[in-house]
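Visitor: Structure provided below as structure tokens; questions to follow.
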Ligand SMILES: [Zn+2]
């Protein structure tokens, strides 16, 4: 019996010594100390031992158990320590490595320019409104004093859905839609996409953006228009910017003018940017034609107003000194991230 125990003990200790994994130790624990383990089977065979020898054998079994348990615990601790050291060695986190950068998108120069224009006019008490891009011929032309046979239609050739529906060629129909819905005082800007059947080149695109402005109230004069646009130009291009009004013709305003700003590159002396003239054309404007007011049921004897239209791309091209409009539509991230 004693030899048997010694054999079990040395066998168990040898197996523990050899084992290199924590799971293996558990298997050994079950095999020797478990309910059906080797030591337990020795205890079960106690009935074959002479009664006077039983306490002694029992003591020997307990000693063997204690030795095996101690060895198991010692080896378990050793393996756990080795495992942790191995983890520390291999799972190194280098805190000095540069972090992975999230690539952020970038605002388009047209969006930046639009927000700038909106900020200026909202600051002057204007409301920002929008209108449909697919528009009735009536709103795009007729209600703006451009009847069927008017030559202005040729200059604004657009895309027709049918005889009476088209892709709007200007943001001006929003003037009419606003005046139909709202009585004066009216003070709005209406930014949005417009369409023309133009070939793509450095200064043309079949789709671009305009910002329309409209003010209607009692006693609105050309002086109000001049003051408003001078303020707008100063805020957009710098406080020293001067404005110049050149007589022009638009069917829906009378009188009408085109507005130039003094070149913000050379201050008006003349440079490559302003083609030597010292002035840069930025928008068209005028006093709302009495016919347009009448069509919207506003009495031109009681009310007057002014309107203007700015090309958003034109503003962005000028402000960021971009010389080809096509760059604005190509969505090349290398180009866009400069702004
Ligand atoms: Zn210049």
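The values are calculated or read from the model by the stated rules, or taken from the named source; none is laboratory data. Values in this document were obtained by computation on a predicted structure and should not be read as measured data. Every residue, glycine among them, receives a Cβ derived from its backbone with ideal geometry; neighbour counts consider all protein chains shown.
Visitor: What do you reckon, is residue 98 part of a loop (DSSP other than H, G, I, E, B), within 20 Å of residue 176 (Cα to Cα) and modelled with pLDDT of 85 or more?
Guide: Details: part of a loop (DSSP other than H, G, I, E, B): yes; within 20 Å of residue 176 (Cα to Cα): no; modelled with pLDDT of 85 or more: yes.
No.
Visitor: Which of the residues belonging to segment 210-239 are over 34 Å from the mean Cα position of the chain (by Cα) and without any contact (Cβ under 8 Å) to a residue 60 or more places away in the chain?
Guide: Step one: filter segment 210-239 for residues over 34 Å from the mean Cα position of the chain (by Cα), giving 216-227.
Across segment 210-239, the qualifying residues are 223, 226, 227.
Visitor: Kindly indicate whether any position in segment 302-313 is loosely packed, with under 15 Cβ neighbours inside 10 Å and either in contact with a strand residue (DSSP E or B) (Cβ under 9 Å, 6 or more places away or on another chain) or modelled with pLDDT of 95 or more (or both).
Guide: Initial filter on segment 302-313 (loosely packed, with under 15 Cβ neighbours inside 10 Å): 302.
Then keep just the ones that are either in contact with a strand residue (DSSP E or B) (Cβ under 9 Å, 6 or more places away or on another chain) or modelled with pLDDT of 95 or more (or both); that gives 302.
Checked segment 302-313: at least one residue is loosely packed, with under 15 Cβ neighbours inside 10 Å and either in contact with a strand residue (DSSP E or B) (Cβ under 9 Å, 6 or more places away or on another chain) or modelled with pLDDT of 95 or more (or both).
Visitor: Still on this structure, please answer the following. Taking only pairs six or more apart or across chains, which ones have beta-carbon atoms under 6 Å, a first residue in segment 246-271 that is over 20 Å from residue 235 (Cβ atoms), and a second residue that is assigned to a loop (DSSP other than H, G, I, E, B) and modelled with pLDDT of 95 or more?
Guide: So the pair list comes out as 252/289; 253/289; 254/289.
Visitor: Show me the strands (runs of 3 or more DSSP E) found entirely inside segment 155-231 where at least 2 residues are crowded, with 21+ Cβ neighbours inside 10 Å.
Guide: Values: elements: 165-167, 186-195, 207-217.
Per the criteria, 186-195, 207-217.
Visitor: Another one. Collect the residues in segment 54-85 that are more than 60 Å from the chain's Cα centre (by Cα) and touching a residue at least 24 places away in the same chain (Cβ under 8 Å), keeping them in residue-number order.
Guide: 57, 60, 61, 64, 65, 67, 68, 69, 71, 72
Visitor: Which one of 317, 327, 283 is under 23 Å from residue 204 (Cα atoms) and in contact (Cβ under 8 Å) with a residue 12 or more places away in the chain? Talk me through it step by step, then tell me what you get.
Guide: Numbers: 317 fails: in contact (Cβ under 8 Å) with a residue 12 or more places away in the chain; 327 fails: in contact (Cβ under 8 Å) with a residue 12 or more places away in the chain.
The conditions single out 283.
Visitor: Regarding segment 36-46, can at least one residue be identified that is outside any helix (DSSP H, G or I) and at pLDDT below 85? Lay out the reasoning, then the answer.
Guide: The initial filter retains those residues of segment 36-46 that are outside any helix (DSSP H, G or I), namely 36-37.
With the extra rule that they be at pLDDT below 85, the set shrinks to 36-37.
Taking every residue of segment 36-46 in turn, at least one turns out to be outside any helix (DSSP H, G or I) and at pLDDT below 85.
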